[in-house]
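I have placed the structure first, in the form of structure tokens, so that the comments after it can refer back to it.
Every number in this text was worked out from the coordinates using simple rules, so none of it is lab data. Being a predicted model, the structure only gives us computed values, none of them experimental. Neighbour counts are summed over all protein chains in view; Cβ atoms, including those assigned to glycine, are modelled from backbone coordinates with ideal geometry.
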Amino acid sequence: MLEYRDIYAGGRLVGSASTDVITIVNPATEEIVGAVPSAVSADVDHAVRAARRAFDDGHWATGDPAQRAAALERLAAAIEARTEDAARLVTAEMGMPIAYSRQNNAAAPCAILRYYAGLARSLGTEETRDAVSFAGRTMVRREPAGVAAVIASWNYPLMLAFCHLAPALAAGCTIVLKPAAATSLSAYILAEAFEAADFPPGVFNLVTGTHETASMLARHPGVDTVAFSGPTPQGRRIAAICGAELKPASLELGGQAAAIVLDDADLDKTAANLGLLCFSNSGQTCFAMSRVLVPERRHDEFVDALAAHASKFVIGDPLAEDTTMGPLASARRRSDVEGRVRAGVADGARVAAGGRRPASPVRGYYYEPTVLTDVTAAMAIAKDEICGPVASVLSYRDEAEAIAFANNGFGLAATVWTEDPQRGLDIARRTRVGTFGINLYVPDIGSPWGGRGMSGQGVAYGPEGMDSYLTTKSVFLPPG
């Protein structure tokens, strides 16, 4: 069992002032795998002060961006060297199948780091313009925003952390990371990697704890900007704190994505792709395509196809290489999903596949990939975020009805499935979401990724992902 009683601040482990710990349970075995401190205000203050000192001394923030780029590349190499440790620990914490964990908790973070290292090398920090309002010039400077608090979610813990860590570091910010309570152990591997990559003390700091810890961090006067990924209700709480403090916040919140299947789509191929987008990581994905809209005349055919692909998932030990679906992340998460499915059935939905705990494994928080049919737009199962392996299939009469449904609710993601890409692009232009896929959905680290409305504000990825971590200053210059 891994047990930490420390936070990480100023380049070293520091004993926590808290007497409370968070116990972390393996969702596949229901056994305790470790414990971390439930940080209190003194711990948060210690970490923020360390980040503040590292920012204010100027070496990281105002140094050569090429040197920051080199540090990011060293960090990527240090994480690669810890791929198996990181992947297996995240799998033990939240049940992600090991092959998927290697990709999302090592390979993807390294790719993000290297992408932002490239942007750091080409970062323009000063631009001089002819003034419009007077006879002179204006120098517009782009400067690092300061100390960034990164509050990460549990479902893709390391990748979601680096969505913000990488651009913030590339911009010259210093960091305090607060991982989700359930996936806090893996964050200590990051502290090891930062040390191995020879980062200046205080550039990266770590506190673990509850939602209260996150609130203390967002509220701390030494924090200049906040990034949060997680459920919409908790995001509202962070947004309220930041609003009261007049502090910028980037919020990556919930989703209940819609997949619009057109009448010309290859149903078997579409069902195979949507099966992955609905059920991978046990459906615990913010852009899971959990609302599938199908033309009335093809509804039953598609339900059969999706149910067939749901049955192909291999449910079992997430450390086994051939497992494609592990457990839900906690007993509470499974109970929540079960309750939502029961409520959907009570409202009139019908279970076409799954809808129960599997016979094997006996232990662990497992739940079968589930397909619901006879779902209507008025049902809660079609409107609320599920965060579990449940796909609701709805029928529609025409494209306008499907697009209206996709535009009603969360605004993170949607897809369309068609043999006519131009027709798909027309629907993309009419859909009010932050990201959209035509016959696929793959977030691109070179392009902005984020949501609208209940799915949040601000973006990760792309050059735009650095905007939250850079601020502008105009310097007015006389003629000459």
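Loop-located trypsin sites (Lys or Arg not before Pro) in region 311-358 (DSSP state not H, G, I, E or B) with no more than 14 neighbouring Cβ atoms inside 10 Å: 312, 356. The antiparallel fraction among DSSP beta bridges confined to the chain stands at about 45%. Classify the chain: rounded, prolate or oblate, from the alpha-carbon gyration tensor (a ≥ b ≥ c, eigenvalue square roots; a/c under 1.5 rounded; otherwise prolate if a/b is larger than b/c)? It is oblate, given that a/c is not under 1.5 and a/b is not larger than b/c.
Note on residue 135 and residue 476: their simple-model spin labels are 1.6 nm apart, each label 7 Å out from Cα toward Cβ.
Ranking 343, 11, 371 by Cα position along the charge dipole of the chain, where only Lys, Arg, Asp and Glu carry charges on their C-beta atoms, puts 11 farthest toward the positive end. Given R0 = 35 Å, the distance between the Cβ atoms of residue 246 and residue 19 translates into a calculated FRET efficiency of 0.55. Qualifying GluC sites (Glu not before Pro) in region 26-130, where qualification requires a DSSP coil assignment and no more than 15 other C-beta atoms within 10 Å, comprise 30, 31. Note on residue 122/residue 3: beta-carbon distance plugged into 1/(1 + (r/R0)^6) with R0 of 56 Å gives a FRET efficiency of 0.80. The lysines within cross-link reach of residue 178, meaning a Cα-to-Cα straight distance under 28 Å and a gap of 8 or more places when in the same chain, are 247. Karplus-derived 3J(HN,Hα) values for region 91-100, using 6.51 cos²θ - 1.76 cosθ + 1.60 with θ = phi - 60°, are 4, 5, 6, 9, x, 5, x, 4, 5, 5 Hz; glycine and proline are entered as x.
Net charge dipole, the chain: roughly 880 debye, given to the nearest 20, about the Cα centre with Cβ charges of +1 for Lys and Arg and -1 for Asp and Glu.
Applying a DSSP loop filter and a limit of 16 other Cβ atoms within 10 Å to the chymotrypsin sites (Phe, Trp or Tyr not before Pro) in region 83-178 leaves 134.
Shape class for region 1-125, computed from the alpha carbon gyration tensor (a ≥ b ≥ c): oblate, with a/c not under 1.5 and a/b at or below b/c. Putting +1 on Lys and Arg Cβ atoms and -1 on Asp and Glu Cβ atoms, find which of 118, 218, 395 reaches farthest to the positive end of the dipole of the chain. Going by the charge dipole, the pick is 218.
Rounded to the nearest 20 Debye, what is the dipole magnitude of region 258-444 about its Cα centre when Lys and Arg each give +1 and Asp and Glu each give -1 at the C-beta?
Working: 20 positive and 25 negative charges, 156 e Å.
That gives a dipole near 740 debye.
Think of region 399-480 as a dipole: +1 on every Lys or Arg Cβ, -1 on every Asp or Glu Cβ, centred on the Cα centre; then among 437, 448, 413, 448 lies furthest on the positive end.
Secondary structure note: in region 258-444, about 15% of the DSSP beta bridges are antiparallel.
For residue 269, list the lysines whose Cα falls under 17 Å from its own Cα; do not include residues on the same chain fewer than 8 positions away. Filter leaves 312.
Rounded, prolate or oblate: which fits region 258-444 when a ≥ b ≥ c are the square roots of the eigenvalues of the alpha-carbon gyration tensor, with rounded for a/c under 1.5 and prolate only if a/b beats b/c?
Prolate, because a/c is 1.5 or more and a/b exceeds b/c.
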